[in-house]
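The structure appears right after this line, and notes come after that.
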Amino acid sequence: MAQTSTPTAVLERYLDALLAGAVDTIRDSFAEDATWTVHGDLPISGTYRGRDAIVDDFLGAAGALFEPGSQEFGFPTLLAAGDTVVLEWTVRARSAAGDDYDNRYCGIFVVRDGRIAEVREYLDTEHARRVLFGGAVTA
């Protein structure tokens, strides 16, 4: 599949696929050796290495924390400089346990050769811990 050339277009393609639930396009949006790091000490925090780990282990696990079909995304800020795109996004949803979730995120996306090569994600981990993990802390 042909890749778009600008980092902003690459990220917009990924976001469109995310909203549509187009898993093949989501997977194709990442470089084979991509990394995604979730900062903090949540059970899902850490660095996911490789597109399959990102899509299957991280994005799949994160999606399972929510009531199916309840997630609503907002993308209020997208800024690009060179090969780097900064994205602010919001997620409103119901947790798998039925609690209201409303969080803001910021991600630094690095694009290489038309695919996402690196993501560094930041969020309100205390809110996520309380609503999605029942207050559990990782060891």
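Laboratory data are not the source of any read-out in this text; all were calculated from the coordinates shown. Just so we're clear, the structure is a prediction, and the values are computed from it rather than from any experiment. All Cβ positions, glycine included, derive from the backbone under ideal geometry; neighbour counts span all protein chains shown.
Is at least one residue of the stretch 82-89 within 18 Å of residue 17 (Cβ to Cβ), in contact with a Leu (Cβ under 6 Å, 6 or more places away or on another chain) and not hydroxyl-bearing (Ser, Thr, Tyr)? Yes, the stretch 82-89 has at least one match. Annotation: of all residues in the stretch 46-80 being surrounded by fewer than 16 Cβ atoms within 10 Å (Cβ to Cβ) and of a type in the set (Ser, Thr, Tyr), the one that is nearest to residue 130 (Cα to Cα) is 70.
Can you find a residue in the stretch 78-97 that is in contact with a Lys or Arg (Cβ under 8 Å, 6 or more places away or on another chain) and of a type in the set (S, T, N, Q)? Looking for residues that are in contact with a Lys or Arg (Cβ under 8 Å, 6 or more places away or on another chain) and of a type in the set (S, T, N, Q), one finds at least one in the stretch 78-97, hence yes.
Give the residue, chosen from 19, 11, that is out of contact with any Gly (no Cβ under 6 Å at 6 or more places or on another chain) and surrounded by 14 or more Cβ atoms within 10 Å (Cβ to Cβ). Walk me through how you get there before you give the answer.
On the way: 19 fails: surrounded by 14 or more Cβ atoms within 10 Å (Cβ to Cβ).
That would be 11, the only listed residue that is out of contact with any Gly (no Cβ under 6 Å at 6 or more places or on another chain) and surrounded by 14 or more Cβ atoms within 10 Å (Cβ to Cβ).
Output the residue which, of all residues in the stretch 86-128 that are among the basic types (Lys, Arg) and closer than 17 Å to residue 71 by Cα, is farthest from the chain's Cα centre (by Cα). Explain how you work it out, then say what you get.
Step one: list which residues in the stretch 86-128 are among the basic types (Lys, Arg), which gives 92, 94, 104, 112, 115, 120.
Retained after the next criterion (residues that are closer than 17 Å to residue 71 by Cα): 92, 94, 104.
Numbers: 92: 14, 94: 17, 104: 12 Å.
Only one residue fits best here, namely 94.
Confirm whether residue 35 is under 18 Å from residue 123 (Cα atoms) and touching a residue at least 24 places away in the same chain (Cβ under 8 Å). So residue 35 fits the description; yes. Taken over the stretch 81-113, the criterion of being surrounded by fewer than 17 Cβ atoms within 10 Å (Cβ to Cβ), over 30 Å from residue 130 (Cβ atoms) and either in contact with a Pro (Cβ under 6 Å, 6 or more places away or on another chain) or not aliphatic (A, V, I, L, M) (or both) is satisfied by 82, 83, 84, 112, 113. Within the stretch 98-112, residues that are more than 15 Å from residue 15 (Cα to Cα) reach partners that are among the hydroxyl-bearing types (Ser, Thr, Tyr) with beta carbons closer than 6 Å, at six or more positions or on different chains, in the pairs 101/95; 104/90.
Is it true that residue 82 is touching a Phe, Trp or Tyr at 6+ places or on another chain (Cβ under 8 Å), of a type in the set (Gly, Ala, Ser) and touching a residue at least 12 places away in the same chain (Cβ under 8 Å)?
Working: touching a Phe, Trp or Tyr at 6+ places or on another chain (Cβ under 8 Å): no; of a type in the set (Gly, Ala, Ser): yes; touching a residue at least 12 places away in the same chain (Cβ under 8 Å): yes.
Spelling it out, it is not the case that residue 82 is touching a Phe, Trp or Tyr at 6+ places or on another chain (Cβ under 8 Å), of a type in the set (Gly, Ala, Ser) and touching a residue at least 12 places away in the same chain (Cβ under 8 Å).
In this structure, does residue 42 turn out to be more than 13 Å from the chain's Cα centre (by Cα) and surrounded by 14 or more Cβ atoms within 10 Å (Cβ to Cβ)?
Working: more than 13 Å from the chain's Cα centre (by Cα): yes; surrounded by 14 or more Cβ atoms within 10 Å (Cβ to Cβ): yes.
The answer is yes for residue 42.
Close Cβ contacts (under 8 Å, 6 or more residues apart or on different chains) running from residues in the stretch 3-22 that are free of Cβ contacts under 8 Å to residues at least 24 places away in the same chain and basic (Lys, Arg) to residues that are surrounded by fewer than 16 Cβ atoms within 10 Å (Cβ to Cβ) and not in a helix (DSSP H, G or I) comprise 13/4.
Annotation note: of 66, 58, 73, the sole residue that is among the aromatic types (Phe, Trp, Tyr) and either at positive phi or over 12 Å from the mean Cα position of the chain (by Cα) (or both) is 66.
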